[in-house]
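Only one structure is covered here, and it is reproduced in the block below.
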Amino acid sequence: MVEAPRKRSFGRTLVLIAAVLGPGFITASAGNDVGGIAQYSSAGAQFGYSLIWIMIPLAIALIVVQEMATRMGCITGKGLASLMRETFGVRISFLAMAALFFINTLLAATEFAGIASASEIFGVSKYIAVPGALVFVFLLVMRLESKTVERIFVGFSLVYLTYIASAVLAHPNWGDVARGLAPTIHLQTAGWLVAVVGLIGTTISPYMQFYLQSAVVEKDLRPEDLPLARVDVVNGSVLAIALAAFMIIANGATIFLANQHGANLNPQQASDFAEALRPLAGKFAEAIFAFGIFNAGIFTATVLPLSTAYVVCEAFGFEAAIDRKFSEAPVFFSLFAVGLILGAGIVLVPGIHLLKMILFAQDLQGILLPGELVLMLIIINRKTIMGTHTNSRLANIIAWTTVVVIGFLSTLYVAGQFYPRLFGG
Amino acid sequence: MAFTEGFISELVGRRATINDLPIGKVTDFLVKKPDATFPQIDGLVVKTAQGPRFAPIETVADVDRNGTIALTMAPKDPAPPEGEELYLVADLLDKQIVDVDGRKVVRINDIEVANAGGRLRVVAADVGVAGLLRRLGLRSFGKRFTPAIYKRVPRSMIAWDSVAPIREPNPSQVRLSVTESKLSRLHPSDLAEIIGDLSAREAVAVVQQLDDETAADAFEHLDAETQKSLIEDIGTERAADIIEEMDSDDAADLLAELPEDQQTELLAEMNAYTADELRTLVQYAEDSAGGLMTPDYTWIYPHRTTEATIRKIREIAPTSEFIYYLYVVDKDDMLLGTLSLRTLLLALPTAFIDRIMDTDFVSVHPDAPAVDVAATIAKYDLLAVPVVDDQGKMLGIVTVDDAIDAIMPPDVAKKLPHFMARHHHHAVGA
């Protein structure tokens with residue numbers, strides 16, 4: 001008996017149309033978190049337009065990596081954590097999960113740091129704002145469906161479009177911007193490598209692959225849905241990269257240029273980057289910037305510790321569901337609570353330099369990324385797992401090149417941390 | 001064999017030797033009859049220089065000497081292809097299973113094997129933290145440095161009898177199940193909860209292991225969203241088989257949720273009688289008497305004796321959902337009266353039904369809202385109320401538990417025990 005192909009009902013067609021604004025798009029929006037805003041702003045403020053070219057190879061790598069995660073979800077119907085556990089066993093998945101939990105907790109801290117910066121723009125102390133946000137996030141998670149939360153914040157994240165307008169209104173010298181598209185390497189310039197690794201880490205965050213693949217599985221996308229899912233991935237990635245590029249341009253055209261003309265704008269905290277919105281928003285620049293990072297902070301703080309707890313439990317087979325009692329899913333709730341509370345707690349450490357902490361977290365993401373990509377590449381090239389949907393030669397070349405380049409840069413970065421004199425620092 | 005018991009994780013990776021000469025490493029264990037209570041291990045896979053080779057268990061001399069596995073002769077055959085038999089490492093270790101005893105989905109961290117009567121058998125699956133620590137190589141560390149904590153690490157072993165693998169829907173990996181799935185031992189509501197917790201793909205894999213009856217019982221407890229997505233995934237033919245086995249009121253509710261073309265397709269796959277019945281039921285609003293009712297009531301004719309009627313009921317009772325009330329109808333299905341089982345049993349064997357039946361019965365119209373139906377049932381202390389149309393024709397009954405379900409918030413209703421066992425039902429042919 002030959003099985004008839006699955007028929008698509010009207011409802012399913014609607015779902016598929018919605019998928020064009022689907023998991024890939026949402027994941028890309030979630031990727032523009034506090035760390036992303038800080039990293040892109042900092043890159044523009046420090047180096048003007050000269051780092052814009054990096055966004056082009058990053059766009060390609062981002063699309064390839066996210067397509068891989070999407071394809072693995074469509075073909076296997078399993079999350080990335082499940083596949084890692086089933087392919088590599090306990091030890092490697094334990095290392096991967098420990099690293100993921102660590103970096104994601106640090107990232108949760110960066111989100112709370114963003115919330116702290118936003119609140120300080122309005123004159124509210126972080127010692128009030130952060131605990132308040134913690135309670136708010138906790139209530140959001142407990143009371144609302146995660147889909148609802150997702151929709152609200154993805155809607156609000158349209159505020160980033162202001163960066164495009166602001167970049168245009170700043171009247172940058174477009175010839176200079178275009179020159180920034182030509183690859184230039186400044187390994188000897190202090191802070192250049194740090195900025196590059198940070199850009200990589202924040203653009204292709206390790207957690208995004210887990211998040212994306214889980215969303216694909218939850219949406220029950222199938223091999224036959226791959227073409228549309230790919231459209232979604234490309235849409236989301238291109239939008240994310242475009243916004244990032246305009247953030248760099250807006251900061252380059254304001255903070256960087258002002259410094260070139262003798263000003264001494266030396267951003268010490270995230271809120272100093274509000275300057276980049278001045279050409280558009282004038283005296284409301286701070287308010288709009290604060291709203292942007294507050295939204296990004298709350299959204300990612302809501303999503304990250306929760307999805308981390310789900311992913312870790314998925315790998316180790318612990319019960320995980322937000323609507324259970326604590327006694328039914330103790331590991332899950334503990335991971336969630338520890339990630340969230342520790343994240344908020346780090347921000348409240350007296351004297352901590354929040355902007356440095358945020359940018360360091362992005363570098364750490366860049367350093368951890370090659371490890372994740374190697375695991376993904378091994379899984380996706382296994383015929384027993386992927387059948388006929390293993391990586392194409394081109395995808396393998398791009399992905400392995402990404403691994404090698406990022407691995408190389410990360411190694412240099414780590415070496416630079418131990419021997420600062422290596423790179424002009 | 002000196003080997004008494006141990007874990008797969010401690011055996012995998014050991015050297016395989018012949019006359020103390022190493023020939024390769026043990027990578028996997030093969031079980032040919034995984035459905036046995038404690039299945040026997042039928043052989044090992046040894047990774048040799050020539051590739052993976054299969055060593056039948058008869059050629060294994062000892063499993064514990066000097067930390068190696070001693071063979072009596074060199075394994076020659078390549079390992080049997082995956083998919084035909086069960087490999088403990090490739091197919092089960094690190095995979096998700098349903099713990100039938102604990103009624104949840106877990107991951108296998110390790111597998112315990114034991115020497116029983118000279119044969120190596122699979123005994124249990126380790127799904128606890130202890131198994132994770134052992135795999136991480138931290139067991140001896142834990143024992144030595146933190147014995148107090150180590151003692152408290154929960155040891156969660158699942159007897160093999162309760163391990164039900166969630167099989168891959170991928171056809172190349174589907175194994176033919178010889179016996180019925182262990183999953184069918186679960187209570188339908190537990191099974192439904194497990195299905196609801198799984199990803200869509202895994203849920204399909206679980207449903208594919210179930211017979212139609214078990215699947216139907218589980219379906220009755222699933223929420224509409226999960227039902228819909230499963231029906232899309234398992235295909236029209238199988239879905240129709242399952243829906244046919246469901247209680248008709250639940251089946252009608254499910255069909256009512258589906259788009260019309262899908263309804264038509266499913267009904268076309270069913271037998272004509274069930275399809276007709278469901279077509280009628282689907283027309284009624286879900287929260288009306290018509291939507292709540294089941295046509296599976298026990299009906300009897302008026303001109304029979306008590307004795308003949310009891311004989312008939314005895315025949316159909318084992319498969320009938322609801323026999324506590326009997327509905328007396330004429331050949332046009334007009335409801336003439338009702339009768340409780342108690343009245344029937346206490347009446348003289350020779351008494352005629354139309355003499356002992358209650359003609360002053362309470363009934364509801366198919367369009368009556370659920371709240372009114374529940375109120376009627378409560379007011380008259382009934383177990384069920386008949387649904388009768390304008391002409392007095394009997395359409396079905398609404399049972400008390402369906403009425404409660406309809407007016408109760410879903411999460412509360414779930415926690416209440418059901419008064420009536422729900423199984424199959426037939427009308428009394430007279």
If one builds a Gaussian network model of chain B from Cα atoms under 10 Å apart, the most fluctuating residue listed among B:L120, B:L348, B:L88 is B:L348
As straight-line cross-link partners of A:K283, the qualifying aspartates and glutamates (C-alpha separation under 20 Å, not fewer than 8 residues apart within one chain) are A:E120, A:D272, A:E275
Cα-Cα longer than 28 Å, checked against B:K95/B:K182; A:K147/A:K356; B:K33/B:K95; B:K47/B:K182, kept in input order, equals A:K147/A:K356; B:K47/B:K182
With no solvent term and unit scatterers on the alpha-carbon positions of the stretch A:293-373, Debye gives log₁₀ I(q)/I(0) at q = 0.14, 0.20, 0.21 Å⁻¹ of -0.61, -1.05, -1.10
Taking only the alpha-carbon atoms of chain A, the convex hull volume per residue, in cubic angstrom, is 156
Given a Förster distance of 41 Å, the FRET efficiency implied by the Cβ-Cβ spacing of B:F38 and A:T388, rounded to the nearest 0.05, works out to 0.60
Taking r as the C-beta separation of A:V405 and B:R185 and R0 as 51 Å, the FRET efficiency to the nearest 0.05 is 0.40
Partner shielding of B:232-241, as the mean number of partner chain Cβ atoms within 10 Å, equals 2
In the protein assembly as shown the DSSP beta bridges are antiparallel at a rate, in percent to nearest 5, of 90
In order over the stretch A:119-126: 3J(HN,Hα) from phi, Karplus 6.51/-1.76/1.60, θ = phi - 60°, whole Hz, x for each Gly or Pro, gives 5, 5, 4, 8, x, 9, 5, 5
Taking only the alpha-carbon atoms of the stretch B:206-274, the convex hull volume per residue, in cubic angstrom, is 78
For B:L71, other-chain or 5+-apart residues with amide H closer than 5 Å (H placed, Pro excluded) are B:T17, B:I18, B:N19, B:A61
Cα extents of the stretch A:45-178 along the principal axes, largest first, in whole Å, come to 54, 43, 27
The stretch B:211-227 and the stretch A:390-423 have their Cα centres apart by a whole-number Å value of 50
Note to self, chain B gives a 222 nm [θ] from helices alone (DSSP H runs n ≥ 4, -39500 (n - 2.57) apiece, / all residues, nearest 500) of -9500 deg cm²/dmol
Long-range amide H partners of B:H221, meaning residues 5 or more apart or on another chain whose placed amide H is closer than 5 Å, are none
Along the stretch A:22-28, Karplus-curve 3J(HN,Hα) (6.51, -1.76, 1.60; θ = phi - 60°) to the nearest Hz, with x for Gly and Pro, reads x, x, x, 5, 5, 4, 4
Note: A:84-91 gets an average of partner chain Cβ contacts (10 Å, Cβ to Cβ) equal to 5
A correct fewest-to-most ranking of B:Y273, B:Y301, A:Y310 by other Cβ atoms within 10 Å would be B:Y273, B:Y301, A:Y310
Mean per-residue count of partner chain Cβ within 10 Å for B:192-202 equals 3
Rounded to the nearest Å, the spacing of the alpha-carbon centers of the stretch B:340-409 and the stretch B:240-293 is 22
Mean projected area, convex hull of alpha-carbon positions in the protein assembly as shown, reported to one decimal in nm², is 45.3
So the pair-distance distribution of the stretch A:305-350, from every Cα-Cα distance in 5 Å bins, comes to percents of 5, 25, 28, 20, 10, 7, 4, 1
Computed from every Cα-Cα pair in chain B, P(r) in 20 Å bins starting at 0 and rounded to whole percents is 22, 39, 25, 13, 1
One quarter of the C-alpha convex hull surface, i.e. the mean projected area of the stretch A:268-425 in nm², amounts to 15.1
In debye to the nearest 20, the charge dipole size for chain A, taken about the Cα centre with +1 at each Lys and Arg Cβ and -1 at each Asp and Glu Cβ, equals 600
Over all viewing directions the Cα convex hull of the stretch B:211-322 casts an average projected area in nm² of 8.0
Non-local residues with an amide H under 5 Å from the amide H of B:M334, with H modelled 1.01 Å from N and Pro and chain starts lacking one, are B:M394
Placing each pseudo-label 7 Å from Cα in the direction of the beta carbon, A:R324 and B:A74 end up separated by a distance in nanometres of 5.1
When chain A is treated as a Gaussian network with springs between alpha carbons less than 10 Å apart, the largest mean-square fluctuation among A:G317, A:G35, A:G201 is found at A:G317
If exposed means GluC sites (Glu not before Pro) lying in a DSSP loop and surrounded by at most 13 other beta carbons within 10 Å, then the longest stretch of chain B lacking such sites spans residues B:181-430
Most packed first (mean Cβ within 10 Å per residue), the peptides A:369-378, A:120-129 order as A:369-378, A:120-129
Inter-part gap, Cα centre of the stretch B:1-41 to Cα centre of the stretch A:279-304, in whole angstrom, is 60
Across B:S320, B:S340, B:S184, the residue with the highest GNM fluctuation in chain B (Cα network, 10 Å cutoff) is B:S340
Taking every alpha carbon pair in the stretch A:68-123 and sorting the distances into 5 angstrom bins from 0 up to the bin holding the longest one, the percent per bin comes out as 4, 17, 15, 14, 15, 11, 8, 7, 6, 3, 0
Net charge (Lys, Arg +1; Asp, Glu -1) of residues whose beta-carbon lies under 11 Å from that of A:A296, A:A296 excluded, is -2
Here, A:F102 and A:I397, labelled 7 Å along Cα→Cβ, have an inter-label distance in nm of 3.6
In the neighbourhood of A:I406 defined by beta carbon distances under 14 Å, the net charge of the other residues (Lys, Arg +1; Asp, Glu -1) is -2
re the stretch B:27-68: pairs of Cα atoms spaced beyond 10 Å account for a percent value of 74
Filtering trypsin sites (Lys or Arg not before Pro) in the stretch B:326-386 by DSSP loop and by at most 12 other Cβ atoms within 10 Å leaves B:K331
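Where a number appears in this text, it was derived from the coordinates with a stated rule and is not lab data. Source: prediction; values computed, not measured. Note: ideal-geometry Cβ built from the backbone for every residue, glycine included; neighbour counts use all protein chains shown.
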